[in-house]
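Worksheet for the structure shown next.
The values are calculated or read from the model by the stated rules, or taken from the named source; none is laboratory data. This structure is a prediction, so every number in the text was calculated from the model and none was measured. Counting neighbours? That spans all protein chains shown, and the Cβs are built from the backbone with ideal geometry, glycine included. Only protein heavy atoms, including side chains, enter the accessible area calculation; ligands, DNA and RNA are left aside. Shrake-Rupley method; radii C 1.70, N 1.55, O 1.52, S 1.80 Å.
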Amino acid sequence: MAGAPVDGKQKTVQVIHNAPIKMVSKIDSMKRSFLFVIGCVALAAATAGHTHAQNFSPTATKTAIFAGGCFWCIQPAFDKANGVIKTVVGYSGGTEPNPTYQLVSSEKTDYRESIEITYDPAKISYEQLLDIYWRQIDPTQADGQFTDIGPSYRAAIFYGNAEEKKTAEASKENLARSGKFKKPIVTAILPAMKFYPAEAHHQKYYQQNPEHFEAFEHGSGRVSFIKKTWKE
């Protein structure tokens, strides 16, 4: 009998002592399960994100370079076109580094007043840009454009690759067959050369000096030619 209370106490102590061990073990198990679930969710999210990244390929922008006489006058039409992201007027076709307006307008270089167009090919195609281009110039004039005469005002399409060259040639041929012009289409199709942006006061000139721009555009004969040719 004397040993009974001792055994009972020992049993009670043992039960109380073992209880925290079982509770800790249960908590650890729950933690492991929770972490496992979180890990699975994170892995699934990462996999989905990776798959989405593989499937998602934003359309890269492209550039086109055209020369069409006075670069002030050909910029507005491209700025209005849906899919055109940015336009910059400048100089292309020559070899002298960092040309200035003074140098180019001296007519002693091969540079032509040009425009560089950055566009989204998912919204507007190179062929559509050519359609806009043809409507801004007189493609039968070889010595310049309208009253702007000289090498720097000669019209040209500067192609960047074989595909653009082929598209430009086909577009030029279609224009010749259209019957819009009685004279031959003489606009040059040339390999692209480095494009140099013009001075800041030439950029968006139609916005910077609207009155002078309008007077010049009409005075050059460009507006009346376009209206007569395209019935606009």
Number of positions in region 82-119 that are on the phi > 0 side of the Ramachandran plot and charged (D, E, K, R): 1
How many residues, within region 141-169, are assigned to a loop (DSSP other than H, G, I, E, B), of a type outside the set (Val, Ile, Thr) and in contact (Cβ under 8 Å) with a residue 40 or more places away in the chain? 7
Which numbered condition in (1) under 24 Å from GLY90 (Cα atoms); (2) open to solvent by less than 30 Å² (accessible area, probe 1.4 Å); (3) not hydroxyl-bearing (Ser, Thr, Tyr) is the only one that MET193 fails? (2)
How about region 123-164: which of its residues are under 22 Å from the mean Cα position of the chain (by Cα), surrounded by 21 or more Cβ atoms within 10 Å (Cβ to Cβ) and more than 13 Å from PHE78 (Cα to Cα)? ILE157, PHE158, GLU164
Pair list, Cβ < 6 Å and 6+ apart or interchain, from region 174-186 residues that are under 15 Å from LYS228 (Cα atoms) to residues that are surrounded by 14 or more Cβ atoms within 10 Å (Cβ to Cβ) and not small (Gly, Ala, Ser): PHE181/THR140
Only one of (1) open to solvent by 50 Å² or more (accessible area, probe 1.4 Å); (2) in contact with a strand residue (DSSP E or B) (Cβ under 6 Å, 6 or more places away or on another chain); (3) over 23 Å from PRO76 (Cβ atoms) does not apply to PRO99, and that is (1)
Would you confirm whether any residue within region 214-221 is within 30 Å of the chain's Cα centre (by Cα) and under 16 Å from LEU129 (Cα atoms)? no
Can you find a residue in region 86-93 that is open to solvent by 40 Å² or more (accessible area, probe 1.4 Å) and basic (Lys, Arg)? yes
Quick one: which residue in TYR196, TYR119, TYR126 is more than 24 Å from GLU107 (Cα to Cα) and touching a Gly at 6+ places or on another chain (Cβ under 6 Å)? TYR119
